[in-house]
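The values are calculated or read from the model by the stated rules, or taken from the named source; none is laboratory data. It should be emphasised that the depicted structure is a prediction, and the values quoted were computed from it without experimental measurement. Here Cβ is always computed from backbone atoms with ideal geometry, including for glycine, and neighbour counts include all displayed protein chains.
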Amino acid sequence: MAPLFKRSEEEGNIEEMEEEFEFEDIEVKVKFRPGPNHGWRVAKDVEPPLELVEDLFFGNEEVSKAAEDELRSWIADEFGGGYWKIELTRAGKTLRSKTIHIDDVDIIYGVNKWIVYVKGEESGKWYKADVEFAHPPSTAEIIDQIGGGGRVRVVGYDEKGRIMSSKTMNINVPTPDWVLEREDSFEKRMREALKKQVEKQQEKLISAIAGEGGQQTSGIDRVIAKLEELVEEKRLEGIQKIIDALERREGRDEKKSLSETLFIDPYKAKVRSITLLIEKLAEKGDIETARLLLNEIPDGSSALISLMTAGANLANAVASMLAGAGSTNKVRDKLDRMVEERIQKKKEREKEKGKEEKEGLVDKEKSEEKEMAEREGGAWSERETKEGGEGEEEKTVEQERRILVEESESEEGWDIKLGVEE
Amino acid sequence: MSDILDKLKSTLGANSESLARIFKLVRQIGIYESFKALMKQPFFRNAVKAKLEELHTALVNRYGITSESVNHVKEGSKVKVVAELEIADPELRKEFQDRLRDLVKNIFEGGYDLVPEFVKEFEIESISCKERGDKVFVYVVGGEKLVELLKMGGVENVGEEEEG
């Protein structure tokens, strides 16, 4: 595409080209999107100064850069932040385009309202504040309207309720009281739900002990009633049965394994002790404590986990030991065989050849030995050399690496460009 | 540098030899992977968290930072991390920018251990700072790993720009 305008290098004026008369057909289109994941929408009401557009597309590098900065500033002031695409089109075809990203100004284009959410520290939930803004709220406005700060998210919505912008920030003043209250009620609800779960578990446990086939009861009173019934009538029959069974097994098999001594016996002892305590408490009429103590009866899973872990560790240790021993034996066997073969070979050769030849053989064997030693240790020495080499190389690289710092300053601030010189 | 090393030594209870060994190991496995592995240790994670909170409080009090936020934007293969700080007092705003520039320069020109590795591994291209209204914007252009590092360090919601 030939340029529509050409700037004369000598005069610095715009020289009309052949195609210039077509400029009237060219349309300047501005498109907008709030973020990279949004689609472009045509911003018909945004009409940038044409002379800046002209400089942007047809000026030399310096002029174009200056025009871009001016356009950026103009758009930021008039329409806010976001991604802005300026296009030159003719008959629906895009001739040139340039995207300007403004990230230091709030997105306001297309935003209908701003809603503030505050994060609850305990629950991590976002609570919607009962306030809406018609403009991007400042920090002071947010503090004033929501009554505090903390972790705050300001979300901008368009007229259809779609999210156009979202900014999360820390406002360094305490969280509003209403959020703390809601957090308390949230915590309270969580506690109640947890309590209900505990009750349900207790009911299940009692039903199971009573041998009622998992019949479910509801309410703490019924649980206590069941427990009383259990203590009075059945006298912990279920638990006693378990203990009896365990004791019978003990008597039958006197030879205990290590795992039984370490894990099963302490488990049994704990169950027995707790059961006796429950009995005593129930006899004294302290039903509530007895009920609580029932929860302490271990279900055997901890003993099982300990057992499995110990087993796995033992298996690993044995496997490592065997692997180590195996490899050592293998190497030793190999070496023994090699030595034997060499002695045998030497003897045979000694018999066959004379003294002079023998000397020659010694030399040869020396070289053979060397060769063998190299074969044996080759892999390691090679690796060591390589590692050493890499280490040295790394050290050299380390020493040679230097950071290149290029600093520039402007009215707005400063910029430091970095690079690593190898 | 010696100050930083001394602090590190006293914090970790480490001597120069063990620090040298740590640096060597970090070089071998990379800063990101090392940090990731260390952050899995509750002791280290809690220490980092506590230090960052301490630093945040000190900065908020020292410069009167009313609010701050961190976002990131993808720019081709690079990522631009944008930290936005609201400082009402213009003098403090200026002081913040100047001291930040000095700190950045000292770190990158000081010839410290691991800094070249850091720049290379996280593909740090530039660090800049500018003022607009009562806000200070700090930009760091680097590789995508940089965002992961920030998230690991406890900077929440880095990447609001990505939200659709």
| message | Looking only at the stretch A:154-174, count every residue that is facing another protein chain (nearest Cβ under 8 Å) and assigned to a strand (DSSP E or B) and tell me the total. | response | 7
| request: Might you check whether a residue that is outside the structural domain of A:Ile26 (by TED's automatic domain parsing) and among the aromatic types (Phe, Trp, Tyr) occurs anywhere in the stretch A:84-91? | output: no
| task | Only residues that are surrounded by 12 or more Cβ atoms within 10 Å (Cβ to Cβ) and assigned to a loop (DSSP other than H, G, I, E, B): list them for the stretch A:27-59, please. | result | A:Pro34, A:Gly35, A:Pro36, A:His38, A:Trp40, A:Ala43, A:Val46, A:Pro48, A:Pro49, A:Gly59
| message | Checking A:Ser73 against (1) assigned to a strand (DSSP E or B); (2) out of contact with any helix residue (DSSP H, G or I) (no Cβ under 9 Å at 6 or more places or on another chain); (3) not hydrophobic (A, V, I, L, M, F, W, C): exactly one of these is not met. Which one? | response | (1)
| task | Quickly run through the stretch A:60-106 and pick out the residues that are more than 14 Å from every other protein chain (Cβ to nearest Cβ), basic (Lys, Arg) and either loosely packed, with under 13 Cβ neighbours inside 10 Å or over 20 Å from A:Glu27 (Cβ atoms) (or both). | result | A:Lys65, A:Lys93
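Here is a yes/no grid of residues against (1) over 27 Å from A:Trp126 (Cα atoms); (2) touching a residue at least 24 places away in the same chain (Cβ under 8 Å):
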{"residue": "B:Ser67", "(1), (2)": "no, no"}
{"residue": "B:Val79", "(1), (2)": "yes, yes"}
{"residue": "B:Glu91", "(1), (2)": "yes, no"}
{"residue": "B:Lys105", "(1), (2)": "yes, no"}
{"residue": "B:Pro116", "(1), (2)": "yes, no"}
{"residue": "B:Phe122", "(1), (2)": "yes, yes"}
{"residue": "B:Gly133", "(1), (2)": "yes, no"}
{"residue": "B:Lys145", "(1), (2)": "yes, yes"}
{"residue": "B:Gly153", "(1), (2)": "no, yes"}
